[in-house]
Amino acid sequence: MKERNAALRIRLKEDEMTLTLKIKMEDGAHEKHDRIPLESWSTETPLSALPDATVLSWLEEEWGISKSSLLHLGTLSTHRATWNSNDGSYFLDHSEYLGTSDFELEFEGSSTSHVNLVLKQLAKTYPFLLQNDDPSPKVKRFFDRKKSLQEKM
């Protein structure tokens, strides 16, 4: 899946689990979703024990990847705070994974120029906030950390 710029995740949100296949494409990320019963999987359960799902069938039919070959590589937990201001919405994420954590501030506004203006104003007031104009997605940060840990072994 790595060679195809894809990742499979199981998200627990509001007492519901969703299996998502994320595929990074030139025009953005494409996603396929399935709800799975809450009691059907935990981090101690092999992925091969997942109930049949459209996403898993698609992986097998389109890419020849069987669910028995899937491996659980780790857990990424995100805690999110949201609020509205400056005619938009702020999202502050605290992500924890593989013995590390990071923070990410996002702003959604009415247009790209609106978002850029608000972020530039924030960067002037709080220069430490804007470390990267285009931060890596959480999944990439997770895999970069995993690779770094493996290289240290």
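Taken together, the values in this text are just the output of simple stated rules run on the coordinates, not laboratory data. No experiment lies behind these values; they were computed from the predicted model shown. Ideal geometry is used to build each Cβ from the backbone, glycine not excepted, and the neighbour counts take in all protein chains shown.
Computing FRET efficiency as 1/(1 + (r/R0)^6) for GLU108 and ARG4, where r is the C-beta to C-beta distance and R0 is 25 Å, gives about 0.30. The length gained by stretching the chain between SER57 and MET153 to full extension, at 0.36 nm per residue less their Cα-Cα distance, is 31.0 nm.
Restricted to Cα atoms, segment 2-69 shows a radius of gyration and a Dmax of 12.2, 36 angstrom.
Under unit Cβ charges (Lys, Arg +1; Asp, Glu -1), what dipole magnitude, rounded to 20 debye, does the chain have relative to its Cα centre?
On the way: 20 positive and 25 negative charges, 105 e Å.
Charge dipole of the chain: 500 debye, to the nearest 20.
Pull out the extension gain between SER101 and ASP15, defined as 0.36 nm times the separation in residues minus the alpha carbon to alpha carbon distance; nm, one decimal. Write out the running numbers ahead of the final one.
Numbers: separation 86, 0.36 × 86 = 30.96 nm, distance 2.36 nm.
Value of the extension gain: 28.6 nm.
Compute the whole-percent fraction of alpha carbon pairs in segment 76-152 spaced more than 21 Å apart. Mind dumping the intermediate values first?
Numbers: 1046 of 2926 pairs.
Tail fraction, whole percent: 36.
Using the Cβ-Cβ distance between ARG80 and PHE128 with R0 = 25 Å, the FRET efficiency computed as 1/(1 + (r/R0)^6) comes to roughly 0.75.
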